[in-house]
Amino acid sequence: MGALGWAVGLSLLSAASYAVAAVAQERLAEHGHRGLSRWAAALSLTGAGVLLHVIALNFGTVAVVQALGTLTLIFALPIQVIRYRTPLSRAAWIDAGLTVLGLALILSLSVDSTDPALLGSTAVRVLAAITAGVVFVCVLAARWSGPRARAMLLAAAAGVAFGIASVLSKAVLASFTSDGFGAVSALAVAMVVAFSVSGYLLGQLSYKGAGLATPLATVSVSNPLVAALAGVVLFDERVRFGAAGLVLVAVAGLVMTWGVVGLARRTTTPDGGVAAPRPRRAGTDEPTGAEGVTR
């Protein structure tokens, strides 16, 4: 198995772990963030996803590994269907297909940089400052927003934090594999931890009162977008066919984004929750007249 194969395989396992972790996070939010076992489950699943993700970064470009993270939403769909007992519409399957199609095109056009993904201390400081500023603005805007907008802003902040944490993780791994532990930047490691923790906490807050799909879709779009842009700027990551390849990647990104956003829209109710069947009167097939409560 080549480097790309390892990157894809590990990223798929990571996406599956994140999908189950997202459901655990939503359940934790439903119970007022109480319960040691719920915290343990959410943290363990997230930790497994992070570990697999970091290892995958050592084999593939940031753009490829982060783009594969969008499969988290697709993995979450069957879990959501089973949990809420709601069928997945044909349109939702089309959106899932668009997501996979865009992702496949990005994978086919990606070319790894021949140079190690190294970052100097100045670049790390500037990147950390810009990221912290963007996250702060999103969190500040979320304070004066409605439930849906608040969830999207917090999830976007989480996506930015996670995306840059992945970029810095790749730089840390490159330093370690190139020159050993002594070459690893302590600041870069500290920023990886800080952005990973803040991304997790912001993601947890984004699920409160907004269901699963909307925050998860927002993270799934903002995370790879930010990381891919940073990979191009900082690591000189390129695509096949030059300018034409860049246009194709941009189109693939739009197709993938359309699919992810469509999945979020089609799997949520107008109030931001996930549709659930209406309760039935005991011994009959007639609804009670009240809508089912999903949370």
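The values are calculated or read from the model by the stated rules, or taken from the named source; none is laboratory data. Everything numeric here is computed off the predicted structure, so don't read it as measured data. Don't worry about glycine lacking a Cβ; one is built from the backbone with ideal geometry, like all the others, and counts go over all protein chains shown. These accessible areas exclude ligands, DNA and RNA; they are computed on the full protein's heavy atoms, side chains included. Shrake-Rupley method; radii C 1.70, N 1.55, O 1.52, S 1.80 Å.
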Could you sort the peptides 214-223, 239-248, 14-23 by per-residue average Cβ neighbour count (10 Å cutoff), highest mean leading? 214-223, 14-23, 239-248
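For the chain, which DSSP H helices look membrane-span-like by this rule: Cα extent along the axis of 27 Å or more and mean Kyte-Doolittle of at least -0.5?
Qualifying helices: 3-30, 36-57, 90-109, 121-142, 147-179, 186-206, 213-235, 242-266.
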Pop out the carbon and sulfur fraction of the accessible area of region 1-137 as a percent, whole number, probe 1.4 Å. 73 percent
Show V126, V160 ordered by accessible area, largest first, where the area counts protein heavy atoms only and the probe is 1.4 Å. V126, V160
What accessible area per residue comes out for region 91-180, rounded to a whole number of Å², with a 1.4 Å probe? 47 Å²
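Compute the normalised compactness of region 23-98: alpha-carbon radius of gyration over 2.2 N^0.38 Å, N being the residue count.
Details: Rg = 15.2 Å, N = 76, 2.2 N^0.38 = 11.4 Å.
Ratio of Cα Rg to 2.2 N^0.38 Å: 1.34.
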Which whole-number percent is the relative contact order of the chain (Cα, under 8 Å, 6+ apart)? 25 percent
